[in-house]
Amino acid sequence: KVQEKDETLMILYNYLGALYNRLGKYKESIDSYKQSLSFSSHSNQNIAVVHSNIGLLYCDLDKYDEALQYEDMALKAANELIEDTISRKKILSSVYNNIGVIHSKMGNSRMALEFFKHSISIDVELYASDNIILAKSYNNVGSTYRELGELDSALTYQKMALEIREKAYGVQHP
């Protein structure tokens with residue numbers, strides 16, 4: 001019962017952190033995320049999610065070193081999960097994508113590309129080829145190739161993203 005209560009509190013504080021972040025109340029967001037971690041157990045996959053959320057918050061604040069530290073903690077927590085579940089793979093894909101975003105914002109396009117591609121390698125195992133999550137991943141890779149001046153590769157990935165989005169939403173979607 002105590003562990004179940006702690007997990008519920010952890011999830012609720014994580015949600016509060018996300019809401020504060022969306023409201024632009026960053027101090028309250030970080031405090032809520034950290035409060036969430038105070039209810040964690042060592043085997044809880046939510047630890048990875050909360051660390052990743054903190055990493056994204058620091059990225060939004062242009063504090064990239066802190067962002068990478070928290071994403072690294074998220075990666076470590078996800079890799080420590082014993083079972084190789086779909087949830088674990090989704091967390092890993094998300095964290096690799098987030099690390100790619102951080103490196104992209106730092107101007108480290110080659111490093112970003114590596115992490116985006118690692119995320120895609122997991123996504124293609126998890127999702128159907130027309131899943132919108134893959135479109136987001138392909139778009140990240142295409143945008144990074146564009147930043148690197150590798151326009152043919154950028155075009156290939158952007159077309160893949162567009163094809164999935166058109167299939168999901170239709171050609172006339174705004």
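The values are calculated or read from the model by the stated rules, or taken from the named source; none is laboratory data. Keep in mind that this is a model prediction, so the values were computed, not measured. Note that each Cβ is placed from the backbone with ideal geometry, even for glycine, and that neighbours are counted across all protein chains shown. Accessible surface areas use protein heavy atoms only, side chains included; no ligands, DNA or RNA. Shrake-Rupley method; radii C 1.70, N 1.55, O 1.52, S 1.80 Å.
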Here are Tyr58, Tyr138, Tyr127, Tyr96: which of them is within 30 Å of Asp31 (Cα to Cα) and over 12 Å from the mean Cα position of the chain (by Cα)? Tyr58
Output the residue which, of all residues in the stretch 95-135 that are part of a helix (DSSP H, G or I), farther than 22 Å from Val50 by Cα and of a type in the set (Ser, Thr, Tyr), is least open to solvent (accessible area, probe 1.4 Å). Ser109
Just one of the numbered conditions (1) at pLDDT 95 or above; (2) open to solvent by less than 30 Å² (accessible area, probe 1.4 Å) is not true of Ile47; which one? (1)
Exactly one of Ser119, Ser129, Ser143 is over 21 Å from Ala78 (Cβ atoms) and at pLDDT 95 or above, and that one is Ser143
Would you point out the residue of the stretch 15-43, among those that are open to solvent by less than 20 Å² (accessible area, probe 1.4 Å) and polar (S, T, N, Q), that is nearest to Ala78 (Cα to Cα)? Ser36
Residues of the stretch 1-14 satisfying the condition of being open to solvent by 60 Å² or more (accessible area, probe 1.4 Å), at pLDDT below 90 and assigned to a helix (DSSP H, G or I): Val2, Gln3, Glu4, Lys5, Glu7, Thr8
The condition of being in contact with a helix residue (DSSP H, G or I) (Cβ under 6 Å, 6 or more places away or on another chain), crowded, with 20+ Cβ neighbours inside 10 Å, assigned to a helix (DSSP H, G or I) and free of Cβ contacts under 8 Å to residues at least 24 places away in the same chain holds, among Tyr138, Tyr145, Tyr157, only for Tyr157
What number goes with the only condition from (1) in contact with a Ser or Thr (Cβ under 6 Å, 6 or more places away or on another chain); (2) closer than 23 Å to Leu148 by Cβ; (3) free of Cβ contacts under 8 Å to residues at least 40 places away in the same chain; (4) not polar (S, T, N, Q) that Ala74 does not pass? (2)
